[in-house]
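One structure is given here, and the rest of the page talks about it.
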Amino acid sequence: MLESQLESLSRDAQARIAAALTPDALEAVRVEVLGRKGALAEISRGMGKLPPDEKKVIGKLLNEAKTQLEAALEARQNSFAAAALSARLDAEWLDVTLPAPGVRPGSLHPLTQIQQELEDLFTSMGAAVLDGPEVETEYNNFDALNIPADHPARDMQDTFWLEDNYVLRTHTSPVQVRGMAKLGPELLEHGTPLLMIAPGRVFRNEEVDPSHEHTFYQLEGMMVDKNVSIAHMLFFMKTLLTHIFKREVTVRLRPGYFPFVEPGFELDIQCLICGGPGCPVCKQSGWVELLPCGLVNPNVLRMGGLDPEVYGGFAFGLGLTRLVMMRYAIDDIRHLQGGDLRFLRQF
Ligand code: DAH
C-alpha cells in the first residue's frame, strides 16, 4: 500500500519538476515533496507503524525515490541557471573585434599622401630620399647656398632666428649641400649620377593669409652628373607634374633669381582652382608659382665638395603645400595645418 503510494508520488513529482517553468515553481514542488513537512516526510513518518521487514523495503524505496527526485530537481535548477546565463549572454553579447562606435579609422594627411606618391615616383627613377634637420645652421641654410650674410637675397626669406647661428630652415635647399657631401663622392666616382629628393617642413616669418603660412612643406630635388642640361631638368619637371595631376597641365617657364642656381627659372602652372581668370590663390594672376628650378651654381657644387669643372646639375624646389592646394582645389592654405577634422576627413 505504501509502496504504490510512493511510486505514484514519485512519478507525479517527476512530472511536476519537468513541467516547472520558473525557479519559483520548482521550489514549490521541492517544498511540497521533499520539504520537512512534505509528502515524502509524511510517508517516512507513516513507516513507524510497519513491521521491521516491510520497514526495511519501504525505507530503501523511500531513499531511492528521494535521491532520484533530488537529482531531478538539481538538473532542472541547473537548466534554469544555464538558460538564464545564455539569456544574459545574448543580451550582453559584444563583438570585441568590431570598430568602436563613433570612432572612425584615420587617414593620411593629404600632404603625406602626395609626399609618398612623389617618393615612390622618384625612387622608381633611382633617386635617394634624404632628410635634413628642421633646425639648420645659418651656414647650410644660406652661406653654402651662395647667399652670404651681406647679400640682399637673404631678404627673400624672412627667417626665424635661433641662438648660436641656427635658424628654422626656410627651405629644403640646405639638403642639397648635405646630400652632395654625403653621397656625391661615392656615387659620382663610380659613374653613377647623384639623384636625390628631400621632402620636408620649412618655416618663414610670413604674414598669414589664404596663400601664406609660417609653416609649409617643400620637396627639394637635385641631380648632379657630368653633362647635365636644362633638357634633363625639364624632363623631370614634366614627369613629376603629369604624375601628380594625372593630366597635362599648362606651364610656363620664366627667368627667376635664386643665388644657388644659374640660370634660374620659375616654372608656373596655370591655376587649377580658377583655370585662368584669377582668384585669391593665384593672386588674381591665373598662374601659380610651383616649381622654381635651375642649373646648380658652381659655388654650390664647390660647397658640396664637388668640382664644378667636372660636374654640373639641376635643382628644383617644389612647393608641396601649394601642390596639394592645386590638386584638391583648396582655397585657403590655413586649412592644411588647422587640424580641423571636418577638413581632414575628406582625404
Ligand atoms: N629654395 C627656394 C625657395 O624656397 C626654392 C628653389 C629655387 C629651390 C630654385 C631650388 C631651386 O632647388 O633650384 O624659395
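The values are calculated or read from the model by the stated rules, or taken from the named source; none is laboratory data. Since this is a predicted model, take the numbers as computed values, not measurements. Note that each Cβ is placed from the backbone with ideal geometry, even for glycine, and that neighbours are counted across all protein chains shown. Each accessible area value is taken on the protein alone, full model and side chains, heavy atoms only, with ligands, DNA and RNA left out. Shrake-Rupley method; radii C 1.70, N 1.55, O 1.52, S 1.80 Å.
Overview of results
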| read-out | value |
| --- | --- |
| Residues that are out of contact with any helix residue (DSSP H, G or I) (no Cβ under 9 Å at 6 or more places or on another chain) and either among the β-branched types (Val, Ile, Thr) or within 16 Å of the ligand (Cβ to nearest atom) (or both), drawn from segment 202-211 | Val202, Phe203, Arg204, Asn205, Glu206 |
| Residues that are out of contact with any Leu (no Cβ under 9 Å at 6 or more places or on another chain), crowded, with 20+ Cβ neighbours inside 10 Å and part of a loop (DSSP other than H, G, I, E, B), drawn from segment 161-201 | Arg169, Thr170 |
| Long-range neighbours under 8 Å by Cβ, at least six apart or interchain, first residue in contact (Cβ under 8 Å) with a residue 40 or more places away in the chain within segment 144-160, second surrounded by fewer than 18 Cβ atoms within 10 Å (Cβ to Cβ) and of a type in the set (Asp, Glu) | Asp158/Glu206 |
| Wholly enclosed strands (runs of 3 or more DSSP E) of segment 231-347 bearing at least 2 residues under 26 Å from Arg154 (Cα atoms) and open to solvent by 70 Å² or more (accessible area, probe 1.4 Å) | 251-255 |
| Top-ranked residue of segment 141-153 - restricted to ones that are more than 12 Å from the ligand (Cβ to nearest atom) and not acidic (Asp, Glu), ranked as least open to solvent (accessible area, probe 1.4 Å) | Ala144 |
| Hits in segment 265-306 (condition: among the small types (Gly, Ala, Ser) and away from the ligand (no atom under 16 Å from the Cβ)) | Gly275, Gly276, Gly278, Ser285, Gly286, Gly305 |
| For Glu220: the one exception among (1) outside any loop (DSSP other than H, G, I, E, B); (2) away from the ligand (no atom under 13 Å from the Cβ) | (2) |
| Condition broken by Arg104, with the remaining ones in (1) outside the structural domain of Ala15 (by TED's automatic domain parsing); (2) open to solvent by less than 100 Å² (accessible area, probe 1.4 Å); (3) at pLDDT below 90 satisfied | (2) |
| Test: residue in segment 118-125 that is within 21 Å of the chain's Cα centre (by Cα), away from the ligand (no atom under 16 Å from the Cβ) and under 30 Å from Arg327 (Cβ atoms) | yes |
